[in-house]
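Student: Encoded as structure tokens, here's the structure I'll be asking about.
The values are calculated or read from the model by the stated rules, or taken from the named source; none is laboratory data. Being a predicted model, the structure only gives us computed values, none of them experimental. Cβ coordinates were reconstructed from backbone atoms using ideal geometry, including for glycine residues, and neighbour counts include every protein chain displayed.
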Amino acid sequence: MLKTRELGRRGLKVSELGLGCMGMSQWYGTPDDRESVATIHRALDLGYTLFDTAEAYGPYDNEVLLGQALAGRREQAVIATKFGFPMKLKDGTTAEADSRPEHIVEVVEASLKRLGTDYIDVLYQHRLDPKVPIEDVVGAMAGLVEQGKVRHLGLCEVGERTIRRAHAVHPLSVVQSEYSVWERNLEDGVLPVLRELGIGLVGFCPLGRGFLTGGVRRAEEYPEDDFRHHDPRLQGANYDQNTAIAQKISEVAARHGLTPAQLAIAWVLHQGDDIVPIPGTKRRTYLEENTRAAEVRLDADTLAEIEVAVRADAVAGPRYNDRMMAYIDR
């Protein structure tokens, strides 16, 4: 069974690993709702409590799926969901980021219905909305806390200044950002601020969208509706250079009797007890493999070996295309 970690200083206790649910509904191959529900149920049995979703995943389908899977077991789960992502709608149009206070209230009401619950444990702003001051955004979120509809507040992919401004309006419990052995942009600025203010970190994509497992193909080999088709790190010469990094991770993992995924997740877990990675999967086999990473203990020599294998300056390409990078507040 997974152990518990406390994220921040405001009583948010969750399993040391969370489950990222996005891939159950979009971006990574054909959805399989039956297996996804079975995966969520297995996660509960293994001691997972943190389940991460968003209105944008599907869009909307993932919240419905999670709500159905948690029916009768809601009290075992910490549900984290998000609003305000520039998402592609089912009619082919794109909805821009929208964090107007009145829209936040509407979105949360809709999310509560889809999730089949009367409260959200963690509510995130999914991406910063340049049209709305963060003080107004967090003010609206805080109003939902006062009403009992939300318990903890968070932001995603924000920089130090935004974190400080938001935290001054209402204390944040968590910030969610991409964090892995090959994506470490948080370490010089964001992570120290989080620790100063007593805010936990939820790290998504600890497996580098699967690349660190060694099983990801070139971008052009995936269909257009697969995220990996558009990933700059899987394109052209970037892919060749990054494959060498994945191979080094595989070699280190093999020497320690681990899979590459287990090594990559264990590395994140070793970066601090105030960090919880949320590897995503829609299959029980991968869930169980990932869960065993929580049992791994990496000594100083192994951590140093990983540092050598994955130098930050060796990673080729940005993690998003230009349009999506524009929404990263750093």
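Student: Return only the number of the condition from (1) within 27 Å of residue 216 (Cα to Cα); (2) touching a Leu at 6+ places or on another chain (Cβ under 7 Å); (3) buried (at least 18 other Cβ atoms within 10 Å of the Cβ) that residue 23 does not satisfy.
Tutor: With (1) within 27 Å of residue 216 (Cα to Cα); (2) touching a Leu at 6+ places or on another chain (Cβ under 7 Å); (3) buried (at least 18 other Cβ atoms within 10 Å of the Cβ) applied to residue 23, the lone miss is (2).
Student: If you take the residues of the range 274-295 that are part of a loop (DSSP other than H, G, I, E, B) and over 26 Å from residue 8 (Cα atoms), which of them is farthest from the chain's Cα centre (by Cα)?
Tutor: Residue satisfying both the conditions and the ranking: 283.
Student: Also: With the condition being surrounded by 23 or more Cβ atoms within 10 Å (Cβ to Cβ), I'd like the helices (runs of 4 or more DSSP H) fully within the range 91-170 carrying at least 2 qualifying residues.
Tutor: Result: 101-115, 134-146.
Student: Sort through 161, 151, 165 and tell me the only one that's of a type in the set (Lys, Arg) and within 23 Å of residue 18 (Cβ to Cβ).
Tutor: Exactly one of 161, 151, 165 is of a type in the set (Lys, Arg) and within 23 Å of residue 18 (Cβ to Cβ), namely 151.
Student: Search the range 42-75 for residues being in contact (Cβ under 8 Å) with a residue 40 or more places away in the chain and farther than 22 Å from residue 277 by Cβ, and hand back the single one that is surrounded by the most Cβ atoms within 10 Å (Cβ to Cβ).
Tutor: Ranking the candidates gives 55 first.
Student: Sticking with this one: Which numbered condition trips up residue 308, out of (1) surrounded by fewer than 14 Cβ atoms within 10 Å (Cβ to Cβ); (2) aliphatic (A, V, I, L, M); (3) assigned to a loop (DSSP other than H, G, I, E, B)?
Tutor: Checking residue 308 against (1) surrounded by fewer than 14 Cβ atoms within 10 Å (Cβ to Cβ); (2) aliphatic (A, V, I, L, M); (3) assigned to a loop (DSSP other than H, G, I, E, B), the one that fails is (3).
Student: Follow-up question, since we're still on this one. Any idea which residue in the range 192-219 is nearest to residue 315 (Cα to Cα), counting only those that are among the aliphatic types (A, V, I, L, M) and surrounded by 22 or more Cβ atoms within 10 Å (Cβ to Cβ)?
Tutor: Restricting to residues being among the aliphatic types (A, V, I, L, M) and surrounded by 22 or more Cβ atoms within 10 Å (Cβ to Cβ), the top hit is 212.
Student: How many residues are assigned to a loop (DSSP other than H, G, I, E, B), hydrophobic (A, V, I, L, M, F, W, C) and within 30 Å of residue 146 (Cα to Cα) if we restrict to the range 171-222?
Tutor: So the count comes out to 2.
Student: Right, residue 205: under 17 Å from the mean Cα position of the chain (by Cα), at positive phi and either at pLDDT 95 or above or hydrophobic (A, V, I, L, M, F, W, C) (or both) or not?
Tutor: Taking the combined requirement at face value, the residue satisfies it.
Student: Would you pick out the residues in the range 88-138 that are modelled with pLDDT of 95 or more and of a type in the set (Gly, Ala, Ser)?
Tutor: 99, 110, 111, 116
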